[in-house]
Every structure is written in C-alpha cells, then in structure tokens.
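Notes to accompany the following structure.
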Amino acid sequence: LALALALPSAALENGLALTPPMGWLAWERFRCNVDCRADPRNCISETLFYEMADRLAEDGWRELGYKYINIDDCWSAKKRDAAGRLVPDPERFPRGIKALADYVHARGLKLGIYGDLGTLTCGGYPGTTLDRVKQDAQTFAEWGVDMLKLDGCYSSGEEQAEGYPEMARALNATGHPIVYSCSWPAYQGGLPPKVNYTILAEVCNLWRNYDDIQDSWDSVLSILDWFFTNQDVLQPAAGPGHWNDPDMLVIGNFGLSYEQSRSQMALWTVMAAPLLMSTDLRTISPSAKEILQNRLMIQINQDPLGIQGRRIVKEKSLIEVFLRPLSQGASALVFFSRRADIPYVYTTSLAKLHFPEDAVYEVQDVYSGEITRGLKTGDNFSVTVNPSGVVMWYLYPVAQPWRIVRQRAP
C-alpha cells in the first residue's frame with residue numbers, strides 16, 4: 001500500500017547518470033576502519049579521500065570517466081549537532097565535507113557520500129529517519145555532494161517504501177544535481193512482487209539489488225549467478241538514468257586472480273553496471289590498472305543505448321556466452337569459462353548466437369586488441385578461454401559492396 005501511495009509524485013527526473021556512473025568507492029577495501037591513530041594511512045578520514053582524489057586526477061582515471069570519489073559508512077560523528085544536522089567526525093574530517101567537495105571539484109571530479117534510511121547506519125552512525133530526510137538532503141546539497149548512496153539498515157519495509165521516494169523528491173528540491181543510489185531492492189529480496197522495478201526506475205538512478213560483494217571469486221560468482229538467473233526481471237529495468245548495481249569492482253585487491261579480474265571487468269561491462277572501483281589506487285598493480293583502464297571496455301560500458309546484456313548460452317562444457325547490444329548495430333560478446341582445469345577451445349558461429357543472416361562483421365578482441373575482418377554470420381570460429389577467464393569481443397557490422405551499390409543506384 002505504501003509503495004502504491006508513493007507512486008504519483010515519485011519520478012526522479014534529474015537527468016543524471018545517463019550512462020553507468022564510474023569512479024571509486026571506499027567500502028570493500030577500507031570498510032569501517034576508524035582507528036586513525038593505529039592506522040592513519042588506511043582509516044576512513046579526509047586524508048584517504050584527498051589522496052584518492054589525487055590519484056583519480058593524476059593517474060589517468062578521470063580522463064577515462066572515473067569521476068566519482070565516494071565516501072561510504074562511518075564518516076560522521078556519532079551524534080548530530082545541536083540543530084539536528086549530520087556532521088563529519090571532527091578528528092577524522094577536521095576540514096569538513098564542504099572543503100573536501102571543493103578540493104574534489106577543483107580536480108574535475110565529483111564527490112559521493114553515504115546515508116542510511118533508518119535509525120542508524122549499518123556501521124552504527126546516525127541514520128536518516130523519515131523526519132530528517134529533507135534536512136539531510138539539504139545538508140548534502142550545501143556541502144556540494146554529487147551522489148548519495150542511501151542504505152537501508154534499521155528500517156522497516158513500510159519506512160523504506162515511504163522514505164526512498166521521499167529522498168528522491170528532497171534531493172530534486174535542493175536544486176543541486178545529486179545522483180541517487182538506493183539499496184531499497186536489496187532489503188526486499190531484489191525480486192517482484194516485493195520489488196516493483198517500474199517504480200524503482202522513477203525513484204533512483206541506480207540501485208543495489210543483492211548482497212554486498214566480498215573480495216573473493218565465490219562472491220563474484222554468487223552475484224553473477226543471481227543476476228543472470230533473474231535476467232528476465234532485471235534486464236528490462238536498466239537503461240539511461242536507472243541502473244542495476246551488482247556492487248563494486250574488487251579488481252586490484254587480494255581475492256581475485258588475473259583471469260578472474262578480467263572476468264569481473266568484462267561481465268560487469270556486459271551488465272551495463274556502474275564501474276565503482278574499491279581498491280587502493282596508491283599501490284595498485286600495473287596489471288590491475290591495465291584491466292580497469294581498458295579504453296574499449298569503458299566505451300562498451302558507457303554505450304549511450306544503455307541496454308543491459310544477457311546470458312544467451314550455457315553449455316555443459318561450463319562455457320557461457322553473454323551478449324550486449326550496442327549503438328550503431330555493434331555488439332559485445334563475452335565467452336566465459338567456469339572450468340577449473342585447463343584452457344578450453346570453444347567453437348560456435350554467430351548464426352548459432354542468433355546474429356542476423358548474411359551479415360559480415362569486423363571483430364576486435366577487447367583485451368588483446370587483435371582484429372578479425374570479414375567474419376560472416378555462418379562462419380564457424382573458435383576461441384580459447386582460460387579457466388575462470390573470458391574472451392571478450394567487440395563486433396561491428398561492415399557494409400557489403402553490393403549493398404553500397406544498391407544504396408547508390410537512385
């Protein structure tokens with residue numbers, strides 16, 4: 001009932017996140033480490049965010065589209081101020097969030113912050129109860145915040161049904177553009193009938209549907225399985241301005257191998273997922289950086305059509321094929337191996353993958369850059385996919401000579 005009542009004026013209409021947001025988020029790598037005396041380099045403090053902003057601006061990330069630097073939980077003081085406003089922890093953020101936002105903006109970046117629609121955040125800091133929604137939206141706008149991630153710990157389903165749309169209206173009313181990331185569906189199981197994706201797309205720019213990612217391959221696979229098992233529900237919900245969010249990229253941390261890191265990047269791209277890294281950009285390895293800074297990969301992720309890809313083949317050989325349609329008749333294909341033995345040679349054709357008959361494609365391997373010209377729909381081809389790895393193709397149709405002649409005849 002509450003969800004239905006929220007409908008008429010719940011439209012977001014902020015014109016933001018027309019492609020999936022890209023940037024950096026503190027949570028998976030740095031969690032709720034607030035002990036700045038014992039661990040000043042890795043605690044949740046302004047120093048961490050100033051340093052990460054420098055890395056985004058100076059190490060080639062910003063130019064590729066990684067523009068958001070996002071604070072997660074545990075940034076605030078344990079109590080609101082005398083006027084009831086949220087305030088940052090004075091020891092860990094002595095210059096305040098406004099100064100941090102100014103610093104970030106001066107480097108051509110944007111600042112994100114975390115809130116929670118409940119009595120407390122998940123980490124035990126002051127939450128945003130329904131009577132505080134407008135006040136907190138105004139506070140974030142005055143600080144110059146550009147994105148809000150609103151979690152859902154310590155709140156009921158009824159409070160969420162009222163509060164998430166209310167925050168969308170409150171953010172719009174500030175007049176300051178703020179991308180709105182909701183955790184609403186994750187707290188309702190992520191699926192209909194409890195989650196109405198039509199309403200969600202009118203309320204939020206992106207939303208967390210499922211569990212928090214951990215720094216492990218098992219965690220990545222569990223998210224992947226849930227998203228593609230439920231792709232018939234989830235895939236139509238995504239598009240420019242409203243995205244499914246399978247959570248952060250954990251590439252560059254401790255839990256994924258090189259092949260698994262390439263797989264997460266390719267599969268998140270085919271899902272049209274936000275690309276929010278959570279790693280230490282001060283010490284990231286060259287190989288992890290190369291994966292995250294792959295220009296063709298980012299071009300595919302940011303495709304203006306904004307269509308989320310689907311799994312189209314699931315073989316007994318443990319090879320899976322994913323397809324994402326792109327603008328100008330192009331496509332992205334991902335061949336993914338769940339095998340744990342040796343590289344597997346997978347043979348198929350574009351015809352078997354339901355590409356148009358009599359078409360000819362130029363194919364570029366997204367990771368190697370290798371180009372194959374003149375691949376016809378009916379031609380068999382083989383790809384060698386490493387265990388827990390991917391081969392990713394970018395395909396674009398090539399005009400055939402007879403078609404050009406026919407077009408010119410008139």
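Here are some notes:
- In nm, spacing of pseudo-spin labels at L221 and A83 (7 Å Cα→C-beta vector): 5.3 nm
- Cβ charges +1 (Lys, Arg) and -1 (Asp, Glu), total dipole of the stretch 269-316, debye: 200 debye
- The lysine pair count for the chain, using Cα distances under 25 Å and pairs eight or more places apart or on different chains, is 22.
- Length gained on full extension, T198 to Y50: 49.5 nm, using 0.36 nm per residue less the C-alpha separation.
- Helix-derived mean residue ellipticity, 222 nm - over the chain, DSSP H n ≥ 4, -39500 (n - 2.57), to 500: -8500 deg cm²/dmol
- Averaged over residues, the count of other Cβ atoms within 10 Å places the peptides 269-279, 115-125, 310-320 in the sequence 269-279, 115-125, 310-320, highest first.
- Carbon plus sulfur fraction of accessible area for the chain, probe 1.4 Å, in percent: 52 percent
- Using the Karplus relation 6.51 cos²θ - 1.76 cosθ + 1.60 with θ = phi - 60°, the per-residue 3J(HN,Hα) values for the stretch 195-204 come to 10, 9, 6, 5, 5, 4, 5, 8, 9, 10 Hz, with x marking Gly and Pro.
- Inter-probe distance in nm under a simple model that places probes 7 Å from Cα toward Cβ, at T229 and Q293: 3.8 nm
- Residue-count net charge about G378 - beta-carbon cut-off 14 Å; Lys, Arg +1, Asp, Glu -1: -1
- Efficiency of FRET between I312 and V360 - r from beta-carbon atoms, R0 30 angstrom, step 0.05: 0.90
- Distance between the modelled labels on L120 and D39, one decimal in nanometres: 2.0 nm (7 Å Cα→Cβ projection).
- Over the stretch 310-397: Rg over Rh, Cα atoms, Kirkwood Rh: 0.95
- For N70, residues with placed amide H under 5 Å, excluding near neighbours: W24, L25, A26, G112
- Taking a ≥ b ≥ c as the square roots of the eigenvalues of the Cα gyration tensor, the stretch 22-302 is oblate, since a/c reaches 1.5 or more and a/b is not larger than b/c.
- Residues whose amide H lies under 5 Å from that of Y361, counting only those 5 or more places away or on a different chain, are G374, L375, K376, V398; hydrogens are built 1.01 Å from N in the peptide plane.
- Taking other residues whose beta carbon is less than 13 angstrom from the beta carbon of D35, and scoring Lys, Arg as +1 and Asp, Glu as -1, yields +1.
- Per residue, the chain exposes 42 Å² of accessible surface when a 1.4 Å probe is rolled over the protein heavy atoms with every protein chain present.
- Amide H contacts of L249 (H built 1.01 Å from N, under 5 Å, at least 5 apart or other chain): L276, M277, S278
The values are calculated or read from the model by the stated rules, or taken from the named source; none is laboratory data. Worth saying up front: this structure is predicted, and the values here are computed from it rather than measured. Counting neighbours? That spans all protein chains shown, and the Cβs are built from the backbone with ideal geometry, glycine included. Heavy atoms of the whole protein, side chains included, go into the accessibility calculation; ligands, DNA and RNA do not. Shrake-Rupley method; radii C 1.70, N 1.55, O 1.52, S 1.80 Å.
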